[in-house]
Amino acid sequence: QVHLVESGGGLVQPGGSLRLSCAASGGIFSIYAMAWHRQTPGKQREFVAVITSGGITNYVDSAKGRFTISRDNAKNTVYLQMISLKPEDTAVYYCAAHDSMTYWGQGTQVSVSS
């Protein structure tokens, strides 16, 4: 069983930056593909970014050039660096670990507003 805990969310003005962290425990972190998803009320959870065990990354189009996903296997942690934030980035951001199953964290709120 993999346990994921997100942190780093908060309120930021448009154009600002945040770095989300997701600490994993209970599994072999280095073998998992790690991803970030987000969800707003009344909408389906949306894929944001993924990083494979080999370090290959992929992003939703709206995040390309603004978000960077990275991982530190020594710290069992995955990060999402977000810059040039927009109001439409407001959501609960969830961390996920993927192998034969998918494990989810509890989410962290990101609010972008002036």
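Of note:
- The chain - accessible surface per residue (Å², probe 1.4 Å): 51
- Carbon + sulfur, % of accessible area of the chain - ligands and nucleic acids excluded, 1.4 Å: 51
- Annotation: amide H of Leu85 within the under-5 Å range of Gly15, Gly16, sequence separation 5 or more or interchain, hydrogens built in the peptide plane.
- For segment 1-103, trypsin sites (Lys or Arg not before Pro) are listed when DSSP marks them as loop and at most 16 other Cβ atoms sit within 10 Å of their Cβ; the list is Lys43, Arg45, Lys64, Arg66, Lys75.
- By accessible area with a 1.4 Å probe, ligands and nucleic acids excluded, highest first: order of Thr40, Thr77: Thr40, Thr77
The values are calculated or read from the model by the stated rules, or taken from the named source; none is laboratory data. In this text the structure is predicted, and so the values were computed from the model without any measurement. With ideal geometry, Cβ positions are generated from the backbone for all residues, glycine too; neighbour counts draw on all protein chains shown. Side chains included, ligands, DNA and RNA excluded: accessible areas come from the protein's heavy atoms. Shrake-Rupley method; radii C 1.70, N 1.55, O 1.52, S 1.80 Å.
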